[in-house]
1. Considering the Cα positions of the range 21-177, please state its Rg to one decimal place and its Dmax as a whole number of Å.
2. I need the fraction of alpha carbon pairs in the chain separated by more than 39 Å, rounded to a whole percent.
3. Each residue of the range 237-245 in turn: what ³J(HN,Hα) in whole Hz from Karplus with 6.51, -1.76, 1.60 and θ = phi - 60°, glycine and Pro shown as x?
4. Just name one of GLY100, THR393, THR79: the one whose Cα is farthest towards the positive end of the charge dipole of the chain (beta-carbon charges, Lys/Arg +1, Asp/Glu -1).
5. Percent of alpha carbon pairs in the range 1-102 separated by more than 17 Å?
6. With a point put 7 Å past each Cα toward its Cβ, work out how far LEU147 is from ASN217 in nm, to one decimal.
7. Computed on alpha carbon atoms, what radius of gyration and Dmax characterise the range 238-374, expressed in Å?
8. For a label point 7 Å from the Cα of THR255 along Cα→C-beta, name the residues of the range 221-242 whose backbone N is under 17 Å from it.
Amino acid sequence: ESFEKNNTSVNCNVGTIGHIDHGKTTLTSAITKYAAKSGNSKFVSYEDIDHAPEEKSRGITINIYHVGYNTHKRRYAHTDCPGHADFIKNMITGTSQMDGAILVVAATDGVMPQTREHLLLAKQIGIKKLVVYLNKADLVDKDILELVEVEVRETLIKYGYNGMDIPFVVGSALLALQGEQSELGEPSIQKLLDTLDDYIEIPCRDLTLPFYMPSDNILSIVGRGTIIIGTVKQGIIHKRSYASLMGYNDEYKCTVSEIQIFHKSVERAYAGDHCGILIKGIKIKELRRGLVLCAEKSVNLNNYFEAELYLLNKNEANCLIKPLVSNSLLTMYCDSWLTACRIDLPSDLKMLMPGEHSIVKLVILQKMPILLGQRFTIRQQFSNETIATGLITKIKE
Ligand code: GDP
Ligand code: MG
């Protein structure tokens, strides 16, 4: 309890999502202003947030603003994007990961198209916890607030969220930003922060997931075995455990006989560690960068899956971006592997235009161990220029 109370070193990543003009930026600014009063953040003005700096991620330009604030329980890193396209790109590229999101819905409008689009993406990228801030409550009657709440809960359920359990905070971000003390003003921000503290869980930072390490480099040493060099993406690998080396249609069972981090032998390596792992017991047909060392039976080889794909716009790409049509032959690049792929659009979509996103079907030439939520890029086959970025949303057996 007492540990939890002052543990502001625990970081939780959140962000605002929702339809344009529903008050995301006003709310973000209001939170920093409120938290600044108790010395727990620096106030960031609406104008500063709305002129978010440009960031580049996988060749994509995203305008994104990061603010930070503390509650008595933990530290928050919060992101807000100025434009709808920025939100979409941020969610697909994962430039700022979110442990939870604040869905802002203006009570004056209710659920709007971008509310739905952000919810769909939030679900796809695996955001498990949402909190709703029902904004602009200063402009509507109580009856309307209740109706909008029902509508939002129904929409949440439609997108696969536990709509009946998700907490709602009713307020006015604008009044809060103006320092208003009555219920809809600052108290609504305190309520929102308490709700985030209680409801958003921080994931175990991937340590509890099965071990998975893509190889950056792989070499064989006669008489010793095979050394895989890479960064552990998730889980923990122990010396003397069994593992599978997978990729390019093949799967080899092996034992981990040695783990080294910075030339020092260790008993185990954790997610985030860059290490060299010596494996024994296998004869590999072809040592190829991109093979993945993973926990036994934790993932299947696959060549067919669905993904959310964002096609770069003209300014983001280094080459001419043509509209994407079904049956396009391209190269998929993921972790450290690449393979030829075919992309098919949904039957009701003739072409995907630059700057647009869609669910697509992908077939890759060689079977790889694919994880749900894995991010990748798509390049042109010969020029090797990046034209799209995506996120795996569904794996077909
Ligand atoms: P965003 O596009 O979701 O970031 O929305 P903004 O934060 O830019 O807000 C859009 C407009 O709504 C701005 O003119 C705000 O001043 C106004 N606004 C935001 N929150 C409230 C609110 O609670 N009450 C009222 N009356 N206006 C608000
Ligand atoms: Mg905004």
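The values are calculated or read from the model by the stated rules, or taken from the named source; none is laboratory data. Because the structure is predicted, anything quoted here is derived from the model rather than measured. Methodologically, a virtual Cβ is constructed for each residue, glycine included, from the backbone with ideal geometry; neighbour enumeration extends over all protein chains shown. Areas reflect the complete protein model, heavy atoms only, side chains present, ligands, DNA and RNA absent. Shrake-Rupley method; radii C 1.70, N 1.55, O 1.52, S 1.80 Å.
1. 15.3, 47
2. Of all Cα-Cα pairs in the chain, 27 percent lie more than 39 Å apart.
3. 10, 10, 4, 6, 8, 8, 8, 10, 9
4. The listed residue farthest towards the positive side: THR393.
5. Across the range 1-102, Cα pairs with separations above 17 Å total 52 percent.
6. Here the modelled spin labels are 6.6 nm apart.
7. Spelled out, the Cα radius of gyration and Dmax of the range 238-374 are 18.6, 56 Å.
8. Those under the cut-off are 223-227, 238-242.
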